[in-house]
Amino acid sequence: MGPAVIETKDLRKKFGDVAAVDGVDLRVEKGEILGLLGPNGAGKTTTTKILITLLRPDSGSASVLGIDVTSRPDEVRRRLGYVPQELTADVYLTGTENLRLFAALYGVPPAERDRRIADALALVALEGHEGKLVRTYSGGMRKKLDIACGLLHRPDVVFLDEPSLGLDVASRRAVWDHVLGLKASGVTVFLCTNGMDEAERLCDRIAILDRGKVVATDTPAELKRGLGGDVVTVTPEPSGDGELSRLDAAVRALPFVKSTKADGNGALLVYVERNETALPRVIDAARAAGVGVGSLSYSQPHLDDVFLKHTGARFDEVERKAAAAAAAKKRRR
Amino acid sequence: MSATTALLARRLHRLKREPFNVTFTLSQPLIWLLLYSNLMRKATLPGAEGVPYPTFMLAGVIAFTVFGNSLAGGIPVLFDKENGFLTRLLAAPIPRSSILLSQFAYVSMLTVAQVLLITGLGALVLGARIETGVPGLVAILAISTLLGLGLTVLSLALAFSLHGHGEFFAIIGFAGLPLLFLSSALVPLETMPDWMKFAAWLNPMTHGTNAIRSLVIRGWEWGTLLLSIGVIAAFDVVFLALGLRALRKRLA
C-alpha cells in the first residue's frame, strides 16, 4: 500500500451527549473513488467537515494528502477541492464571473487563470454557456459549474457531497461521467452519498457508516457477495409442501447451490454461486424430480440489501424516519 | 487579486444585475429626509432655535442610514450561509478576516454613496447646507464609516450565530425603530424625559448624530466632535470584541 490520500484513525466528535463520530477509521488510496454511505445522522457530514477543516475532532487523527487537518488546516485547504450538496454558484453572476471568483480565492496565478477556466469548462461540458448569467442555467448546469469552480486549483483530492441530488436523469448521468473523468485524470474522490445507484456506479470502495461507526468497508461487489450470493426464486406448479420438499432435495444436490430457504409464500429461495447456467440446471433438476416449474427468477443482491444487513433497516426507510424526526424536531423548536 | 477584493467584486457585480434593488436602497434615505423634514416643519426645537428642520434632520437621517446599512450588513452572509456558499468559502484557503473585511468595505461604499446623495440633494432641494463645507463632508463620511464598523461586525456575528434568517429579521425589525426614537436623530435630547435621555445616551446613533449635526449646523466644535467620536470608538471596541468572539466560534 502506498501513502493514503485520506486517513483517519479513531476519529471522534461529540455534540453534547451525542457521539456523531464514534471512532472512525478510514483509508482512501490515491486515485480511487471512496463512497461514504449512511443514513442521516450516521456521521457522514461530521466526518466530511472534519476532513475539509471545518470542524475540529475531539480526539483521533485525520490527514489529507499526509497533512494533519487540525494542525495545518490552511495547507489542506489549498490542496483539496470541495463541492457542497447545495447549488452554490452565485446566480447574479455569469459562469465566468463565478469561476474567476474561485480562481482568486484559491490563488490561481493570473497568467494561468483563463486557461484553467477553459479547461474546467471543457471538463464539465459547459463551453459556450460561461458568459450567461447563472440565473438562466438549469439545475444540472449549475451543479456542473459548482464542480468546475472546485477544480480550478487542480486539487489532488475532491470532496463531493451528494453530487447528483435533485438532478434529472440526464444531468445525473452527465455529472457521474464528469466524476469518472476526474478519477481518470488521477484525482482521488471522496463521495458522500445517499444514492445507492450513484454509489454502485461510481465507487471503487464503499464505507458504510452507522451511528458514528464504520460498519463495513469494501468494493460494492465484495459487499454484495458477503450477503450469500445470488438468488434463484422457484415457484413449483402445482404448488404444495410435497413439491417444495422434493424440489428442495433436488436443488441441494447441485454443486453450485449454497443453501435454500422457503420464503413462506410458496416459493423456494435458492442461494447460488454466481453462475450463468444456474437457471437451466435448476429447471433440469426440478424436472428430474418430477416437479413442475411455475415461475422462476434470478436476482443479484442490491446494495440496498447490504445496507439492510449492516444498519438493520432498509435504506429509504431510514431516510424517511430521519426526515420525519428532523421535521418533528423543527416543529418543537 | 486578494480574497477580500474578490469577495467585494462579487458583491459589486451583483449590484449591476439588481438595478431596482440599488435604486430603492439608494433613494430610501432621501424619502426619510423629505418626509421627516416636512412632518416636523413647524416644530420648534430647544437647542436648535432658528435652524430650519431639514438642516437639523440631515445629521439624523445620515446616522439612521448608517445604522440601516450596517445592521443589514450580515444579510448577504446569512443567505450565503443558508445556501452553502459560506461552507465553501470556509473550506477555501482564504484568511477568515476577508469575509468580514469584504462585507465591511461593501457596506461602507454603500453608506458613502448614500451620504453623498443625501447631502447633495439636501443642499440643492431642501437648502440644508453644511456649515463646515467640503472638509466637513469628508469628516461626516469618516464618522459614518467609524459608526458603521462595530454595527456591521455585530450584524455579521448575528448572521453567523442565529439559526436562520427568520430570527435575524425578527431581531433587526424589533430593534430598528426603537433605536431611531431613542436617539437624537429626530429631536434634541433636551426634549426627552430623563429615562429616554439616558437610554438615548447609550445609543451610538445619538453620538453619530451629535457629531455630524455639529458639523452641519454649527462648525468645528472640537469638544463635541472628540467626545462623540470617542464614545463611538468605545462602542466599536465593545461591538468588535463581542462580534469577533461570536465569529471565532463559527470560523474555527
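At-a-glance table
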{"item": "Conditions (1) in contact (Cβ under 8 Å) with a residue 12 or more places away in the chain; (2) more than 21 Å from B:Leu8 (Cα to Cα); (3) of a type in the set (Asp, Glu): number failed by A:Glu75", "result": "(1)"}
{"item": "Residues satisfying the stated conditions in the range B:73-97, i.e. at the interface with another protein chain (Cβ under 7 Å from one of its Cβ atoms) and either surrounded by fewer than 18 Cβ atoms within 10 Å (Cβ to Cβ) or of a type in the set (Lys, Arg) (or both)", "result": "B:Asn83, B:Gly84, B:Arg88"}
{"item": "Pick from the range A:55-73, criterion part of a loop (DSSP other than H, G, I, E, B) and under 19 Å from A:Val28 (Cβ atoms), ranking: farthest from the other protein chains (Cβ to nearest Cβ)", "result": "A:Gly66"}
{"item": "Contacts under 9 angstrom Cβ, first residue in the range B:80-93 being more than 17 Å from B:Ala3 (Cβ to Cβ), partner assigned to a helix (DSSP H, G or I) and polar (S, T, N, Q), 6 or more apart", "result": "B:Lys81/B:Thr87"}
{"item": "Subset tally (residues that are of a type in the set (A, V, I, L, M, F, W, C) and out of contact with any helix residue (DSSP H, G or I) (no Cβ under 7 Å at 6 or more places or on another chain)) for the range A:24-78", "result": "8"}
{"item": "Residue match in the range B:1-11 (condition: in a helix (DSSP H, G or I), within 25 Å of A:Arg135 (Cβ to Cβ) and under 19 Å from the mean Cα position of the chain (by Cα))", "result": "yes"}
{"item": "Positions within the range A:44-54 being of a type in the set (A, V, I, L, M, F, W, C) and more than 8 Å from chain B (Cβ to nearest Cβ), in sequence order", "result": "A:Ile50, A:Leu51"}
{"item": "Subset of the range A:103-141 [more than 11 Å from chain B (Cβ to nearest Cβ) and basic (Lys, Arg)]", "result": "A:Arg115, A:Arg116, A:Lys132"}
{"item": "Count - residues of the range B:162-199 that are assigned to a helix (DSSP H, G or I) and not hydrophobic (A, V, I, L, M, F, W, C)", "result": "10"}
{"item": "Flag if A:Asp168 is within 12 Å of another protein chain (Cβ to nearest Cβ) and closer than 27 Å to B:Arg17 by Cβ", "result": "no"}
{"item": "Some residue of the range B:104-124 being within 14 Å of another protein chain (Cβ to nearest Cβ) and among the small types (Gly, Ala, Ser)", "result": "no"}
{"item": "Matching option when the condition is buried (at least 21 other Cβ atoms within 10 Å of the Cβ) and either away from chain B (no Cβ under 11 Å) or part of a helix (DSSP H, G or I) (or both), among A:Arg78, A:Arg100", "result": "A:Arg100"}
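Every number here is computed from the coordinates shown, using simple stated rules; none is lab data. Here the structure is a predicted model, which means the values were calculated and not measured. Counting neighbours? That spans all protein chains shown, and the Cβs are built from the backbone with ideal geometry, glycine included.
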